[in-house]
Amino acid sequence: MTAQASPRTIRIEAMRYNPETDKEPSWKSYDVPFRDDMSVLQGLQYIKDHLDGSLTFRWSCRMAICGSCGVMINGVPSLGCHTFLRDLGPGKVRVEPLTHFPIQRDLAIDQTDFLRKLESVKPWIINQTPKKPSDGANRQTPLQIDDYYQFSECINCLLCYAACPQYGLNPEFTGPAALTLLHRYNADSRDEGTAERMAVINGENGVWGCTLVSYCSEVCPKGVDPARAINQNKINSTNDY
Ligand code: FES
């Protein structure tokens, strides 16, 4: 009879912080047994279920769709559900909340600032003469869809804000995801809202605040390429001037 291999364990070091009671954040270590198919999110869930029910973090879909599980993993903005423990060992894994955001509790950030910015870019189709259902489908050619489709893949995970040095320096900067979603609608042939959104593009905290580091595009889990959207809007802003 062969001896059963003992389960592998990995040390997850999670940042803990309760702004109501703690002076400053601290680290707490947990030894987590894991299999090859376990994500960092599953590691955090193991901690919550078996080791420490007070650990706070966000998640919902577990499949890189909802955008709620964004955290810093070993210093890199990442989706917890899309990063696997097998790729991170044998050393410890450090998990902390996304950089540049206030901490609500442990690994959960306060997203209020982003939601305000998202609303400011009017991320919906603006059309003064919308078609009635009786007019039939609002058709687009494949080329017209290509103009915006990549940018519509954004899941608002905010990894790009944690990657953006400009947002770190100037919290008023509209930032990668909001500017990308602005472009998603401006580039849509059904939309007529470009003039309304131009003030955001051209403004003090619009596209010209971006210094094109492009780390936002590198960490984006959906291949949205916010740096490309911002660059296209630098051209639009120049033409508008
Ligand atoms: Fe939804 Fe990770 S849990 S993106």
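Structure data summary
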| quantity | calculated |
| --- | --- |
| Residue list for segment 204-219, filter: open to solvent by 50 Å² or more (accessible area, probe 1.4 Å), in contact (Cβ under 8 Å) with a residue 24 or more places away in the chain and either of a type outside the set (S, T, N, Q) or farther than 18 Å from P165 by Cα (or both) | E204, W208, V213, Y215, E218 |
| Residue that is crowded, with 24+ Cβ neighbours inside 10 Å and hydrophobic (A, V, I, L, M, F, W, C), where the choices are L169, L143, L179 | L179 |
| Filtered residues of segment 61-78 (kept if under 16 Å from D37 (Cβ atoms) and near the ligand (Cβ under 6 Å from one of its atoms)) | R62, A64 |
| Condition broken by K222, with the remaining ones in (1) surrounded by 23 or more Cβ atoms within 10 Å (Cβ to Cβ); (2) within 16 Å of the ligand (Cβ to nearest atom) satisfied | (1) |
| Count - residues of segment 111-139 that are over 25 Å from C157 (Cβ atoms) and surrounded by 13 or more Cβ atoms within 10 Å (Cβ to Cβ) | 2 |
| Residue within segment 183-194 that is more than 16 Å from the ligand (Cβ to nearest atom) and closer than 29 Å to M72 by Cβ present | yes |
| Members of segment 87-110 found to be under 27 Å from E172 (Cα atoms), open to solvent by 80 Å² or more (accessible area, probe 1.4 Å) and touching a Phe, Trp or Tyr at 6+ places or on another chain (Cβ under 8 Å), listed by number | R105 |
| For S68: the one exception among (1) closer than 18 Å to I109 by Cα; (2) open to solvent by 80 Å² or more (accessible area, probe 1.4 Å) | (2) |
| Test result for E153, under 16 Å from the mean Cα position of the chain (by Cα), open to solvent by 40 Å² or more (accessible area, probe 1.4 Å) and not β-branched (V, I, T) | yes |
| Residue ranges of helices (runs of 4 or more DSSP H) in segment 132-241 with at least 1 members at pLDDT 95 or above, within 16 Å of F114 (Cβ to Cβ) and among the polar types (S, T, N, Q) | 165-169, 176-186 |
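Yes/no matrix, rows are residues, columns are (1) modelled with pLDDT of 95 or more; (2) open to solvent by less than 40 Å² (accessible area, probe 1.4 Å):
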position	(1), (2)
R35	no, no
L41	yes, yes
I47	yes, yes
L51	yes, no
L55	yes, yes
R58	yes, no
L85	yes, yes
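The values are calculated or read from the model by the stated rules, or taken from the named source; none is laboratory data. Being a predicted model, the structure only gives us computed values, none of them experimental. Note that each Cβ is placed from the backbone with ideal geometry, even for glycine, and that neighbours are counted across all protein chains shown. Calculation scope for accessible area: heavy atoms of the full protein, side chains included, ligands and nucleic acids excluded. Shrake-Rupley method; radii C 1.70, N 1.55, O 1.52, S 1.80 Å.
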